[in-house]
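Novice: What follows is a single structure, and I will ask about it in a moment.
The values are calculated or read from the model by the stated rules, or taken from the named source; none is laboratory data. All values reported here derive from a predicted model rather than from experimental measurement. Cβ placement follows ideal geometry from the backbone for every residue including glycine, while neighbour counts extend to all protein chains displayed.
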Amino acid sequence: MRVLLISPEGRFTAVGRKFKFPFPTACLPLLASLTPPDMEVRIVDEIVEDIDFGQEADLVGISLMTPMASRAYEIAARFREKGSKVVLGGIHPTAVPEEALQHADAVVVGEAEGNWPPLIQDFKAGRLQRLYRNLEFPQLSHLPPPRWDLMKSEKYFPITVLETTRGCPLDCDFCAVTTFYGGEFRLRPLPEVERDVRAVAEKPELTGKRRLMTPYRREMIFFADSNIIGQRRHAVQLLRMLQRYQVPWMSYSTVTIAKDPELLTLCQSSNCVGLAIGFESLSPDNLDRMGKGFNRPADYEEAIRRIRDHGIGIVASFILGLDGDDLSVFERTYDFIRRTRIESSFFLISTPLPGTRLRQRLLQEGRIFDFDWDHYDCTHVVFRPRQMSPEQLLEGVNWLWKETLSHRSIWGRLLGHSPRSSFYLGMNYGMRMLDRQLRPGGARLPRSR
């Protein structure tokens, strides 16, 4: 039997074919490893290659996030017309299973580990069910090594995506991670994590085009945990293990790591290249409303200094269009980035994704006007902001991208200030190229009308 696993490309999402440094998808290699060896498995990531709709597949599995939904449904229809059975899974079908069921033979709600093996058994026996749902969140022990050999590694930025934990107790109103993965941290056994880290460390040195993508001779690791320091004891053990391998790595963290000198020292000594930190807003009121009140804007600058003093770069994210944001938010955010010389920043338009409390509230308030999933990629405005027009919000975010990715801004933030300037120069110029493709032409700061 032939199994085809697909990661679709969204129509407008920034992380598509225009992105110069795509990361490999993590879920499909794991799903492939959970598939019995007597089944032939292929993986297609539409970001780096076209789908051959002429190929034969008995079972097609498609994993998707919200901005990829309409494309995923198109792919599903094409294969179902050929007689293939199609299964949809991922964070979007989990949030709206009734919708997904209209486009598939079966839908997986929640994580694959508890659902995929029985689904395969049912498929082989000819009794595929319509819905597969875990009764509880699966344990993360005894997972087989991901099938990275099925990925076209030469087409990606040289980085491997791994997990050490799942879940998040923070439950921010804009985020569906808690809904999908649960409100408690579940830990992978450290020896199994080390097995995967060792596999990366033992890869040969980079050559050719991939070597030109990075200042590092070997492949990096990105840990896709929602918060790498969320379970402190586990984090300490993980970082001590990483010290032995010295593989350059990145992950998500909260800004509270700045208050923990031991963790900062361990990150530094284990070759941490950078941490992706959700600052989200410079307004305490905004942060309290979204459920992220532990972020203290008054402490941001000192936190950034402490992190940078340990040789760690920062990839900051900010959400724009929150209820406390007026037109001054764009200049204030840019001034903060310029003053603190943050290595890299992402500006996300507040987006009411399915499965979030933010969506429930904006629906109740009648403020969502765009229900096209293609636009739910944090670069489109799909709701009416409270203190500006949708057009002003889009103009302001576009202006932030243009200003932050100007030559003057990039060199002013990095030259002589960043401990990892060579890496972040590449990241900034990669983002600059993407911005020029997505937002051709100039951008102006919105003013009151």
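Novice: Inside region 32-64, can you point out the residues that are exposed (fewer than 15 other Cβ atoms within 10 Å of the Cβ), acidic (Asp, Glu) and assigned to a loop (DSSP other than H, G, I, E, B)?
Specialist: Correct list: 38, 49, 50, 52, 56.
Novice: When you check residue 261 against the structure, is it within 25 Å of residue 292 (Cβ to Cβ) and out of contact with any Phe, Trp or Tyr (no Cβ under 9 Å at 6 or more places or on another chain), yes or no?
Specialist: yes
Novice: Still on this structure, please answer the following. Select from region 198-211 the residues that are part of a helix (DSSP H, G or I) and out of contact with any helix residue (DSSP H, G or I) (no Cβ under 7 Å at 6 or more places or on another chain) and list them in ascending order.
Specialist: Selection gives 198, 199, 200, 201, 208, 209, 211.
Novice: Kindly provide the set of residues from region 223-241 that are closer than 18 Å to residue 271 by Cβ and either crowded, with 20+ Cβ neighbours inside 10 Å or free of Cβ contacts under 8 Å to residues at least 12 places away in the same chain (or both), ordered by number.
Specialist: 223, 225, 228, 229, 235, 238, 239
Novice: Between a residue in region 188-215 that is in contact (Cβ under 8 Å) with a residue 24 or more places away in the chain and any residue that is among the β-branched types (Val, Ile, Thr), which pairs come within a Cβ distance under 6 Å, given they are 6 or more apart or on different chains?
Specialist: Pairs found: 188/164; 193/164; 200/160; 200/221; 200/247; 201/247.
Novice: Can you give me the number of residues within region 71-84 that are buried (at least 18 other Cβ atoms within 10 Å of the Cβ) and either farther than 19 Å from residue 27 by Cα or not small (Gly, Ala, Ser) (or both)?
Specialist: The number of residues fulfilling the criteria is 5.
Novice: Could you figure out which of (1) touching a strand residue (DSSP E or B) at 6+ places or on another chain (Cβ under 8 Å); (2) buried (at least 20 other Cβ atoms within 10 Å of the Cβ) isn't true of residue 263?
Specialist: All conditions pass for residue 263, except number (1).
Novice: Among the residues of region 236-274, how many are farther than 16 Å from residue 170 by Cβ and not in a helix (DSSP H, G or I)?
Specialist: Of the residues in that region, 13 qualify.
Novice: Right, something else. Residue under question is residue 300, and the condition is that it be within 30 Å of residue 100 (Cα to Cα), among the hydroxyl-bearing types (Ser, Thr, Tyr) and in contact with a strand residue (DSSP E or B) (Cβ under 7 Å, 6 or more places away or on another chain); does it hold?
Specialist: Judged against the criteria, residue 300 is not a match.
Novice: Here's something else I'd like to know. Here is a list of conditions, (1) loosely packed, with under 15 Cβ neighbours inside 10 Å; (2) within 15 Å of residue 62 (Cβ to Cβ), and residue 96 meets all of them except one; can you say which number that is?
Specialist: Only one criterion is unmet by residue 96, namely (1).
Novice: Tally up the residues in region 186-222 that are of a type in the set (A, V, I, L, M, F, W, C) and either exposed (fewer than 14 other Cβ atoms within 10 Å of the Cβ) or modelled with pLDDT under 95 (or both), please.
Specialist: Residues meeting the conditions: 3.
Novice: For region 352-392, enumerate the residues that are under 22 Å from the mean Cα position of the chain (by Cα), assigned to a helix (DSSP H, G or I) and either surrounded by 18 or more Cβ atoms within 10 Å (Cβ to Cβ) or free of Cβ contacts under 8 Å to residues at least 60 places away in the same chain (or both).
Specialist: 357, 358, 359, 373, 375
Novice: Based on this model, can you work out whether residue 408 counts as assigned to a helix (DSSP H, G or I), more than 20 Å from residue 250 (Cβ to Cβ) and free of Cβ contacts under 8 Å to residues at least 60 places away in the same chain?
Specialist: Yes: the conditions hold for residue 408.
Novice: Please enumerate the residues belonging to region 286-298 that are of a type outside the set (Lys, Arg) and either under 14 Å from residue 257 (Cα atoms) or in a loop (DSSP other than H, G, I, E, B) (or both).
Specialist: Within region 286-298, 291, 293, 294, 295 meet the criteria.
Novice: Just for region 299-345: of the residues that are part of a helix (DSSP H, G or I) and of a type in the set (Val, Ile, Thr), which one is surrounded by the fewest Cβ atoms within 10 Å (Cβ to Cβ)?
Specialist: Per the criteria, the residue is 340.
Novice: Answer with yes or no whether residue 67 is closer than 21 Å to residue 224 by Cα, surrounded by 22 or more Cβ atoms within 10 Å (Cβ to Cβ) and either touching a His at 6+ places or on another chain (Cβ under 8 Å) or β-branched (Val, Ile, Thr) (or both).
Specialist: In short, yes.
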